[in-house]
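Structure first, then comments.
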Amino acid sequence: MSSAAEAAAPEAQLASLSISDPISTEPQAVDNNNDSDSETETNTVEGGDASGAQKKKKKKNKGKKKKSKGPGASAQTSPPSIPVSQLFLNNSYPVGELQEYRDDNLFRTTSEEMRAKDRLNEKQLFDLRRAAEVHREVRQYAQSVIRPGMDLADIAELIENGTRTLVQEQGMAAGVGFPTGLSLNSCAAHYTPNKGDHVIIQQDDVLKVDIGVQINGNIVDSAFTMAWNDRYKPLLDAVKDATNTGIREAGIDVRLGDVGAAIQEVMESYEIELDGKVIPIKPLRNLCGHNIGPYVIHGGKSVPIVANGDPTRMEEGELFAIETFGTTGKGTVFEKGICSHYSRTVDARRSQSASGNKLLGVIGKNFGSLPFCRRFLDRLGESHYYLGLKSLVDEGIVTAYPPLWDVDGSYTAQFEHTLILRPNIKEVLSRGDDF
């Protein structure tokens with residue numbers, strides 16, 4: 001999910017390690033009932049005297065029983081209907097793409113101290129990997145069925161219901177991380193259909209799909225762009241390359257401004273020809289990536305997609321959504337249209353209106369500080385909530401996130417992945433075979 005912020009100013013191959021790399025924190029199965037080879041059994045030899053000659057038998061080594069890992073993603077149905085916890089048993093969720101740290105942090109890869117610190121975060125990693133697997137399976141199915149002629153409202157329901165099923169939705173403990181973003185063409189972000197909206201995909205459209213999954217407040221945020229006309233391929237390639245560049249440059253102690261500079265350089269190296277005119281591809285300079293906190297999609301740090309000189313550094317243990325946006329337009333976005341995305345402030349106070357307080361209770365119980373939309377309230381059976389919602393926004397208790405647009409006639413694209421800066425290695429949690 002994008003973060004809007006004011007900014008001042010050929011695809012790199014990613015070095016990845018195998019899922020079976022020894023750095024992985026996946027637990028080893030232990031059989032506490034395993035017998036040692038040194039154990040003996042004493043028997044009296046038949047016909048022997050009272051003192052008895054004794055015969056020692058070695059017990060057979062039964063070996064360690066490995067915990068079942070389950071059938072894996074290949075056993076998933078189409079459309080997806082099996083919770084991933086039933087496909088990957090005993091927390092055997094796939095490890096994301098692993099990238100070693102570089103330069104002054106290279107020592108972390110082999111440091112025993114860093115590995116020990118990493119093992120302290122196993123529970124969070126299991127939650128994030130489970131959420132990431134839900135994301136991969138839901139989005140890959142969505143990619144296979146989304147096509148021109150479909151209604152965005154139907155696509156949103158397909159993605160969100162699939163997420164709820166695969167994550168085994170359980171209130172605030174597990175569910176959708178935020179409303180599905182379905183932004184077309186010059187709309188770059190923060191559009192999801194409200195009740196009664198019917199927008200049909202056309203053959204020449206460029207669609208951004210932004211999906212969130214959360215488990216125990218650990219949010220995986222990842223987005224991709226779809227187009228059905230090959231003329232937009234340079235735009236999609238530019239943004240995908242820029243996002244992979246940001247992922248490669250991210251690391252412990254890295255300055256956020258340096259990440260933005262690298263992204264901008266790659267993005268601006270591309271151009272696209274539309275209707276006989278060559279157009280330079282620009283980053284949307286007032287959109288950016290962000291760190292992610294527990295139940296908070298925008299954690300306070302912004303990852304720019306242009307060089308802005310921000311000296312703020314990334315830190316060990318932080319979770320980041322690295323996302324970039326490219327455009328054929330002016331390169332800045334503005335708010336326009338009816339709002340659909342909202343989120344409650346972390347330290348929400350009581351409203352001065354009765355309708356606001358009633359709605360605030362519903363929001364707190366079902367979403368907390370996670371983003372929500374009007375469709376989510378409709379799904380809960382809420383009605384006549386518009387006045388209460390307006391009061392909460394006016395009082396600053398709830399923040400509204402209207403759709404973000406570049407100029408009419410332009411086309412925008414987005415790619416995004418969530419990564420975690422583990423003490424000993426960087427893990428791109430949401431990476432998949434698709435992007």
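General observations
- Anisotropy class of the stretch 342-400 from Cα gyration tensor, a/c 1.5 cut: oblate
- The alpha-carbon positions of the stretch 147-186 define a convex hull whose volume is 74 Å³ per residue.
- Charges were assigned to the Cβ only: +1 to each Lys and Arg, -1 to each Asp and Glu. The resulting dipole of the chain about its Cα centre is roughly 1440 debye.
- The stretch 60-151 - Rg over Rh from alpha carbon coordinates, Kirkwood radius: 1.12
- P(r) tail fraction, the stretch 303-367 - alpha-carbon pairs more than 16 Å apart, %: 71
- Simple spin-label estimate for residue 278 and residue 330 in nanometres, 7 Å along Cα-Cβ: 2.6
- Take the Cα of residue 313, step 7 Å toward its Cβ, do the same at residue 89, and the gap between the two points is 4.6 nm.
- Contour excess over end-to-end distance, with Cα ends at residue 161 and residue 197 and 0.36 nm allotted per residue: 11.1 nm
- Calculated FRET efficiency, residue 345 to residue 143, Cβ-Cβ distance, R0 = 35 Å: about 0.50 to the nearest 0.05.
- Label-to-label distance for residue 253 and residue 75 is 4.5 nm, based on points extended 7 Å past Cα in the beta-carbon direction.
- For the pair the stretch 167-229 / the stretch 94-130, the C-alpha centres are spaced 29 Å from each other.
- Fully extended contour minus Cα-Cα distance, from residue 380 to residue 123, at 0.36 nm per residue: 89.5 nm
- Helical runs (DSSP H, four residues minimum) scored at -39500 (n - 2.57) apiece and divided by the length of the chain put the mean residue ellipticity at 222 nm at -8000 deg cm²/dmol.
- Placing one equal scatterer on every Cα of the stretch 316-435 and applying the Debye formula, the log10 ratio I(q)/I(0) at q = 0.12, 0.14, 0.22 Å⁻¹ is -0.66, -0.83, -1.11.
- Restricting the GluC sites (Glu not before Pro) of the stretch 154-232 to loop positions (DSSP other than H, G, I, E, B) with no more than 16 neighbouring Cβ atoms within 10 Å leaves 169.
- Applying 1/(1 + (r/R0)^6) with r as the Cβ-Cβ distance of residue 395 and residue 173 and R0 = 22 angstrom yields a FRET efficiency of 0.15.
- Label point 7 Å beyond Cα of residue 228 along Cβ direction - residues of the stretch 198-212 with amide nitrogen under 13 Å: 200-207
- Remark: the chain is approximated by an ellipsoid whose semi-axes, taken from the C-alpha gyration tensor as √(5λ), come to 46, 27, 21 Å, largest first.
- Modelled FRET efficiency - R0 45 Å, residue 407 with residue 67, Cβ distances, 0.05 increments: 0.20
- Flagged links, alpha-carbon separation over 24 Å, of 301/358; 233/330; 233/282; 233/336: 301/358; 233/336
Every number in this text was worked out from the coordinates using simple rules, so none of it is lab data. Since the structure is predicted, the reported quantities are computational estimates derived from the model, not experimental observations. Note that each Cβ is placed from the backbone with ideal geometry, even for glycine, and that neighbours are counted across all protein chains shown.
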